[in-house]
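First up is the structure itself, then whatever we jot down about it.
Bear in mind that the values in this text are calculations on the coordinates, not laboratory data. Everything quoted here is computed from the prediction, not taken from an experiment. Every residue, glycine as well, gets a Cβ built from its backbone with ideal geometry; the counts of neighbours run over all protein chains shown.
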Protein chains: 2
Amino acid sequence: MDNRQTSLQFASENQSYFLNGLDQFVSIPSISTDPEHAKDIQKAAQMLADKLTSLGIEKVTLHPTKLHPIVTGEYLHAGTSQPTVLIYGHYDVQPVDPIELWDRDPFSPATQGENHFARGVSDMKGQVWATLSAIEAIMKTGDFPVNLKFVFEGEEEIGSLHFAEFVQAHKDLLKADVCFNPDAGMINAQTPSIIFGLRGLAYFELRVYGPAHDLHSGSFGGIVHNPAQVLADCISGMHDAKGRITLPGFYDSVLPLSDKERAELARLNITDEVFLKQTSVPALWGEEGYTSVEREGARPTLEINGMLSGFTGEGSKTIIPAWAMAKISCRLVPNQDPQEVLEQLKAYLAEKMPKTVRYELKYLSGGKASISRIDSKESLAYAKALEAAWGVAPVYKREGGSIGVVPDLQESVGVESILGGFGLPDDNIHAPNEHLHLPTWYRGINALIHFFYNLKREE
Amino acid sequence: MDNRQTSLQFASENQSYFLNGLDQFVSIPSISTDPEHAKDIQKAAQMLADKLTSLGIEKVTLHPTKLHPIVTGEYLHAGTSQPTVLIYGHYDVQPVDPIELWDRDPFSPATQGENHFARGVSDMKGQVWATLSAIEAIMKTGDFPVNLKFVFEGEEEIGSLHFAEFVQAHKDLLKADVCFNPDAGMINAQTPSIIFGLRGLAYFELRVYGPAHDLHSGSFGGIVHNPAQVLADCISGMHDAKGRITLPGFYDSVLPLSDKERAELARLNITDEVFLKQTSVPALWGEEGYTSVEREGARPTLEINGMLSGFTGEGSKTIIPAWAMAKISCRLVPNQDPQEVLEQLKAYLAEKMPKTVRYELKYLSGGKASISRIDSKESLAYAKALEAAWGVAPVYKREGGSIGVVPDLQESVGVESILGGFGLPDDNIHAPNEHLHLPTWYRGINALIHFFYNLKREE
C-alpha cells in the first residue's frame, strides 16, 4: 500500500500554489533565440535549480555550455532495486513576434475561462512545472517511490544546439532506465495520448544576392535578375504539383508507413474538420495519397518559415532589392538524416540557382526523427497512469513536431523516452496567445503522481 | 544680343551659393510615403514657395490636395510673342531604408570628391534647384527671355496620386507651350542626353492569407498550405523561361520597337559591361531577343519590390506563417494601360491561386508610358543648350523609369514635356548613398541658362 491517495489529496489542495509557481516561471522571458534575453535565460535556469534544491534534489548543478546552461540534479534514495527516471525538460521559450497579435503581455500570465495565457505556458514550462508539482506532492506526503535524475536545457527552441554534445560528455550523469519527456501533448482534452513517433528537423537560411545595393526598378528593371523573383522560383520548385518535395533523393531513406500503422493512425479519428477548425484555412493541403493525420505525423515536409526582401513598409517604393532571404525547414521522418537533407538542398540549389545571382545557404539546426517502444514496463506504467486520471485508455500517436533530444539520449546513453505531457493542439504554441488548459493541466499532475507510483517495482 | 555671358558669369561666381541653397532643401526629410514626415513635406513645399517669391515669381500658391500640396507660380513678363515654359518638379523624396547601408545621415548633405551625398540630391531636388539657380542667374543679370510657369508636387515618389486630378482642374493655370521636366537624366557625365520615351508604372500589393495565426510547423506542416510557398508559386509563375511576363494579354498592347528605333538605341553604345559595373551582378538577365538597352527603355517588366512573411529575425522559429506579402510593380511601355495590367494580374491570380488560401490584391499607383517629340523648336533649343555646355551634341534615349505626370500634362493640357536633367545612372537614386555629381550639376546650370535664352523667339 502506497501513499498515492495522500499525494493526490495534497495535489488537489495545492492547485493555486502550483499555478503561482508556474506564473513565476513563465514571467521570465527566457527566449533562447534572442541574445538580448541571455540574462532571462540565466534567471529561468536558476529558478529551476532553486526549485529542485527546495524539493530535496541533490547535486543540483548549472552546467555552462557555449550558449545557455543545462541544469541537472538527482535523487537516488529509492534503492538500487528501483528504476531511475530521467526527467527531461526545457526552460527556454519561442520568440513572441508578432507581438501586436497578442491580446495581453506574453510574460504577464492571466487566466481567461479555463485557459491560462503566457508564452511558454504550454510549451513547455507548464509541462515542466506539472512534473515538479507531482514530484512535490509525493515528496511532501511520503518517500519517493523511484530514483530521479533531471536534465533541463535552455536551447530546445533553437534546435538543442549543445545538448547532444553535453549528453555525450555526461553519459554517467544521465544514465537512467527511462526518460520521461513531457514535451509532446494530447490530441484533445478528453483523450490522454502517448506519442511514440516524432519528426526530425533540418532548418536552413537561404540568401540570394543580386545587385550590390537596391536599384531603381525603372533604370534597371529588365536588365538585372530580381533576387526576390529568383528566391520565389527556387522555393516554388521545391514542391511538385502533387505536394511532394523535389530535393534530389529526399524520399530515398523515408521509412514507408506500414498498413498496421496506417490503421492505428486512422483509429485516432482526427478528421479534416478538426484541422480546419484549428487553423481557419479555407481548405487543407498536402502530399497526395496520404490522410491529414498521416501527413502530419509520418511524412516529411518542407516549410517556408519566413521570407524577407526589399521594401515592405507602407505604400510603394520602386526598387529591385539587393537581396532576398528565406527561412526554410524540413520536418523529417525515420530514417532521414538532417545532414543528408542539407546535401540534398545543396544539390537542388546548385542545379536550380541561375548564374545571375550569388547565394548562401546556412544550416541552422536539426535533429533526427524517432520512434519509441510502447510496450516497455515504464511506458505501460504511464499508460495506466493516464487511464487512472482520465478514465479512458490513452491513444498512441506519431507527432509532427521534433524533439531532437530523444534520439540524442537514445544514441548516447541508450535510454528510451516516454513522450507525454498535457498540451493541446489549440494551445497556440509558437504563436500569439499561447495558453494552457488548466483542467487538463491539473489532471496531468494527478496522472504524473500515478505514474511515479506505478513505476515502483515489487521488492 | 542677350545677356547670356553675364548670366553664365553670375552662375560661375555663385556655385557655392547655389549649393548652399540645395543643402537647405535636401536637409528637409520630405519622404512622401511616410505619414510621419507630413510636416517635412509641408516645410519643403513652403521653402520652394519662398524661393519662387524671392525670385520675383508671382501668384505663388500652395494648393492643398488630399495628401501633399502642389506649389504653383508664374512670371509672364516676357510678352505674348514669347513662349511660356512650364517648369515641373517634385519636392518629395524616396524613403531611406535600409538606413544601415548609408555611410552618413541621408539628410545631412556632405561632399566627398566630386560627389555630393544626400537623399533627394539627384532625384530630384538637385534638378529643381539647378533650374531655379539658372533662372536666378538670368533674373539677376537682365530681363527674363521667356514666360515661366511652375508646378511642383510632393507625391511623385508615391505615384503622383493627386497630380492628374489637379491638372484636370487647373488647365488654364498650367497652360503653356512646353513643359520642361528635369526628372530624367544623362547616360554618363560626358554625354548630354534627352529622354524621349518613358516607361509607365502599375504598382500592386499582394497578400496571401493562410491560417488565422502563425502555426507550429511540426503540428501543422503537411496539412496546411504555407502562404509563403503559395506566394512564391504565384510570383514564380509570372515569368516564363524566356523572361517573358505571363499575365494573360500582357503584351497585347505593347508597341513593338521599330527597326529605326533599335538602330538609334544601338548607337548609344551602352554595353553590358557598363550595366555590370553599375550593378555588380554576376550576369545580366532579361527577356530573350532584346539588348539590355532595349529591355530597359522599350520593353515592359514585372518586378518584386519587396516580400515579407513569417519569422525573419536571427536564428530559427518553426512556424507556418499566417500570411505572406509582396510588393509587385510593372514598368509599362506604349500603349499599355495600368488599369488593363491590373485586370490582367487579377485574371492571372484568379487562375493561379489555390483554394487553400485567401488573397487580396491592392492597386497602389500607376501611370502610362510616354513618347515625346524631339523635333519641336523647344526640344531643339534644349539640344543646342546641352551642346553649348558640353561641347557635344546630346544623345536621344528611351528611359526605363516612369514619370506619370508627362502623359497627365499631355492628355489634359496638351503640353509636351522635354525630359532633361543632370542625374547620372550611378547616382544611387532610390537607394542608399544617393549622390549628385557636382561638375555635371554646375554644367547643367549653364546648359539651362543657354536653354532659356535659346527659347527666346525673334520679335
Out of all DSSP beta bridges in the protein assembly as shown, what portion is antiparallel? Express it as a percent rounded to 5.
70
Return the Rg/Rh value of segment A:41-83, two decimal places, where both radii are evaluated on C-alpha atoms and Rh is the Kirkwood radius.
1.08
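I'd like the projected area of chain A, averaged over all directions, using the convex hull of its alpha carbons. Report it in nm² with one decimal. Please list the in-between numbers first.
Details: hull surface 92.9 nm².
It is 23.2 nm².
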Given the C-alpha centroids of segment B:59-88 and segment B:103-179, what is the distance between them in whole angstrom?
12
With the dipole of segment B:234-352 worked out from charges on the C-beta (+1 for Lys and Arg, -1 for Asp and Glu) around the Cα centre, which of B:L308, B:I319, B:G286 lies farthest toward the positive end?
B:I319
Between segment B:272-293 and segment A:4-20, what is the separation of their alpha carbon centroids in Å?
72
Distances from A:G142 to the same position in the other copies: list them in nm, one decimal, shortest first, using label points 7 Å from Cα along Cα→Cβ.
11.3
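Which value in deg cm²/dmol, rounded to the nearest 500, describes the helix-derived mean residue ellipticity at 222 nm for chain B, given -39,500 (n - 2.57) per DSSP H run of n ≥ 4 and division by the residue count? Spell out each step's value before the answer.
Values: 15 runs with 159 residues, N = 459.
Helix-only estimate at 222 nm: -10500 deg cm²/dmol.
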Stokes-Einstein D for the protein assembly as shown at 10 °C, 1.306 mPa s, Kirkwood Rh over Cα pairs, in µm²/s?
51
What percentage of all Cα-Cα pairs in segment A:149-224 are separated by more than 16 Å?
73
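P(r) tail for segment B:126-276, what percent of Cα pairs lie past 21 Å? Could the numbers behind the result be given before it?
Numbers: 8189 of 11325 pairs.
The calculated P(r) of segment B:126-276 puts 72 percent of pairs beyond 21 Å.
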Cβ-vector label at 7 Å, B:E351, separations to other copies in nm:
2.8
Straight-line reach check, B:K171, cutoff 12 Å on alpha carbons, 8 or more apart in-chain or any other chain, hits among aspartates and glutamates -> B:D408, B:E411
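What are the DSSP H helices in chain A that stretch 18 Å or more along their long axis, judged by alpha-carbon atoms, and whose average Kyte-Doolittle hydropathy comes to at least -1.0?
Answer set is A:38-54, A:125-139, A:338-352, A:377-390, A:438-455.
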Quick one: of A:K175/A:K368; A:K59/A:K377; B:K149/B:K377; A:K317/B:K368, which pairs are farther than 23 Å apart, Cα to Cα?
A:K59/A:K377
With no solvent and one point on each alpha carbon, what is the Debye value of log10 I(q)/I(0) for segment A:1-77 at q = 0.11, 0.23 Å⁻¹?
-0.40, -1.10
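With a cut-off of at most 12 other beta carbons within 10 Å, and DSSP calling the residue loop, which trypsin sites (Lys or Arg not before Pro) in segment B:317-375 qualify? Please list them.
Details: sites: B:K317, B:K327, B:R331, B:K346, B:K352, B:K355, B:R358, B:K362, B:K368, B:R373; in loops: B:K317, B:K355, B:K368, B:R373.
Hits after loop and neighbour filter: B:K355, B:R373.
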Reachable lysines from B:K355, Cα under 17 Å, same-chain residues fewer than 8 places away excluded?
A:K242, A:K277, B:K346
Quick check: Cα centre of segment A:354-377 to Cα centre of segment A:391-459, how many Å?
23
Put a point 7 Å out from Cα along the line to Cβ at B:K175; what are the distances to that point in the other copies, in nm, shortest first?
10.2
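Any idea what % of Cα-Cα pairs in segment B:258-395 are farther than 19 Å?
Numbers: 6687 of 9453 pairs.
For segment B:258-395, the fraction of Cα-Cα distances above 19 Å is 71 percent.
Can you tell me the dipole magnitude for segment A:304-351 around its Cα centre, using point charges on the Cβ only (Lys, Arg +1; Asp, Glu -1), in Debye to the nearest 20?
Values: 4 positive and 5 negative charges, 43 e Å.
Computed charge dipole of segment A:304-351: roughly 200 debye.
Evaluate the charge dipole of chain A about its Cα centre and quote only its size in Debye, nearest 20, assuming +1 on the Cβ of each Lys and Arg and -1 on the Cβ of each Asp and Glu. The partial results should precede the final answer.
Working: 40 positive and 59 negative charges, 81 e Å.
With Lys and Arg at +1 and Asp and Glu at -1, about 380 debye.
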Rounded, prolate or oblate: which one fits segment A:1-146, using the alpha carbon gyration tensor with axes a ≥ b ≥ c (rounded when a/c is under 1.5, else prolate when a/b beats b/c, else oblate)?
oblate
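Using only the Cα atoms of segment B:73-182, build the gyration tensor, take square roots of its eigenvalues as a ≥ b ≥ c, and label the shape rounded, prolate or oblate: rounded if a/c is under 1.5, else prolate if a/b is larger than b/c, else oblate.
Working: a/c = 4.11, a/b = 1.54, b/c = 2.68.
Verdict is oblate for segment B:73-182.
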